[in-house]
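Everything on this sheet refers to the single structure shown next.
The values are calculated or read from the model by the stated rules, or taken from the named source; none is laboratory data. Everything numeric in this text was worked out from a predicted model, so none of it was measured. Cβ coordinates were reconstructed from backbone atoms using ideal geometry, including for glycine residues, and neighbour counts include every protein chain displayed. Ligands, DNA and RNA are excluded from the accessible area calculation, which covers all protein heavy atoms including side chains. Shrake-Rupley method; radii C 1.70, N 1.55, O 1.52, S 1.80 Å.
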Amino acid sequence: MNNVPIDMEKAKKYSFRVRLREVFTDGLLTNLKWNFLFVLTSLPVFTMGASMAALSHCTNLLVKDDRVQYCAAKIYFAAFRQSLKKTIPLGLVILVLNTVLGFGLHFYIQMMGQIIMFVPMASLSLLVIIAVWSVIIHLMPSLFEDTDFDEFTVKVTETGIKELTAQAGRTALITMKKTLIALVISAVILALQLLYMPLTIPIVLTLGIAIPAQICAFSHTEPEILDY
C-alpha cells in the first residue's frame with residue numbers, strides 16, 4: 001500500500017496541463033460546434049447575453065467533464081433556452097457598457113499623442129475594461145446550478161444577478177493571476193481577429209470566439225485532480 005502523501009499543488013498543476021492538452025486537441029471539434037452556435041444565436045443581438053452564458057457554461061463543463069462532447073449542441077441549446085429570460089437585460093447592459101468603454105479607450109488613445117493628460121484617462125479606461133471582464137468571465141458560469149447529461153437539461157440558479165455579480169467579483173480577486181492571464185491571451189486573440197478583418201472572418205466563424213471562451217473557462221474551473 002502506497003502511503004506517500006500527495007502533493008496537492010503538484011497534482012493540480014499536472015491535472016491542469018493534461019486537461020488543457022485534451023480540451024485543445026480532442027475537444028477542438030466540440031469548440032468548433034459551440035463557436036458556430038454562438039454566432040448563430042447572437043445574430044438577434046438582444047440574445048447575446050444568453051449566447052455568452054451558454055458558451056461559458058459549455059466551455060466550463062468541458063474543463064471538468066468530457067461527457068459534454070457527446071451532446072455538445074443539446075447542452076448548448078438547453079443552457080441558451082434556460083438562461084434567455086434572465087440574461088436579456090444582462091446582455092444588453094454588457095453590450096452597452098463595453099461599447100461605451102471601448103469607444104472611450106479608442107478616443108483617449110488617439111488623443112494622448114496630442115495631449116498628455118489623456119494618458120491616465122486611457123490607462124483608467126483599460127483598467128475598468130479589465131475589471132468588467134474579470135467579473136463577466138466568472139459571472140456567466142455561475143448562472144447555472146446543474147446539468148443532467150442523460151436528460152440534456154440545464155438548471156439556472158435562482159440567485160439574483162446582484163448577488164451573483166458580487167460573488168463573481170470575489171472569485172476574480174481570489175483567482176486574479178489566472179483571470180488576468182486568461183484575459184490577456186483572450187484579448188490578444190480577439191484583437192488580432194478585429195485588426196485583420198475581413199481576412200479573419202473564417203477564423204471568427206470557426207474557432208475565433210470559442211477558443212478565448214475556453215481559455216477563460218480554465219480561470220474559473222479547476223479540472224478534476226488526476227493520479228500521477
Problem set entry | Pairs, first more than 15 Å from Leu32 (Cα to Cα) in the stretch 193-207, second open to solvent by 70 Å² or more (accessible area, probe 1.4 Å) and β-branched (Val, Ile, Thr), C-beta under 7 Å, six or more apart | Gln193/Ile203
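Looking at the stretch 18-31, can you tell me whether even one residue there is closer than 22 Å to Ala191 by Cα, in a helix (DSSP H, G or I), in contact with a helix residue (DSSP H, G or I) (Cβ under 6 Å, 6 or more places away or on another chain) and of a type outside the set (Val, Ile, Thr)?
So far as the stretch 18-31 goes, yes, one or more of its residues are closer than 22 Å to Ala191 by Cα, in a helix (DSSP H, G or I), in contact with a helix residue (DSSP H, G or I) (Cβ under 6 Å, 6 or more places away or on another chain) and of a type outside the set (Val, Ile, Thr).
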Exercise. For the stretch 97-130, what are the residues that are within 20 Å of Met52 (Cβ to Cβ) and either in contact (Cβ under 8 Å) with a residue 24 or more places away in the chain or touching a helix residue (DSSP H, G or I) at 6+ places or on another chain (Cβ under 7 Å) (or both)?
Worked result: Leu97, Asn98, Leu101, Gly102, Val128, Ile129, Ile130
Exercise. Picking from Phe46, Phe24, Phe80, Phe38, which residue would you name as being open to solvent by 70 Å² or more (accessible area, probe 1.4 Å) and either modelled with pLDDT of 90 or more or of a type in the set (Phe, Trp, Tyr) (or both)?
Worked result: Phe46
Seminar exercise, completed: In the stretch 105-152, residues that are of a type in the set (S, T, N, Q) and surrounded by 15 or more Cβ atoms within 10 Å (Cβ to Cβ) total 4
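Each row is one residue, and each column tells you yes or no for (1) charged (D, E, K, R); (2) within 16 Å of Asn60 (Cβ to Cβ); (3) modelled with pLDDT of 95 or more; (4) not in a helix (DSSP H, G or I).
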{"position": "Ile130", "(1), (2), (3), (4)": "no, no, no, no"}
{"position": "Asp146", "(1), (2), (3), (4)": "yes, yes, no, yes"}
{"position": "Glu151", "(1), (2), (3), (4)": "yes, no, no, yes"}
{"position": "Glu158", "(1), (2), (3), (4)": "yes, no, no, yes"}
{"position": "Lys178", "(1), (2), (3), (4)": "yes, yes, no, no"}
{"position": "Ala191", "(1), (2), (3), (4)": "no, no, no, no"}
{"position": "Met197", "(1), (2), (3), (4)": "no, no, no, yes"}
{"position": "Ile203", "(1), (2), (3), (4)": "no, no, no, no"}
{"position": "Pro223", "(1), (2), (3), (4)": "no, yes, no, yes"}
Seminar exercise, completed: Sole miss for Asn60 among (1) within 19 Å of Ile136 (Cβ to Cβ); (2) out of contact with any Pro (no Cβ under 6 Å at 6 or more places or on another chain) is condition (2)
Exercise. Which one is surrounded by the most Cβ atoms within 10 Å (Cβ to Cβ), of the residues in the stretch 205-221 that are part of a loop (DSSP other than H, G, I, E, B) and β-branched (Val, Ile, Thr)?
Worked result: Ile209
Exercise. If you check Thr179 against the conditions, is it more than 16 Å from the chain's Cα centre (by Cα) and surrounded by 13 or more Cβ atoms within 10 Å (Cβ to Cβ)?
Worked result: no
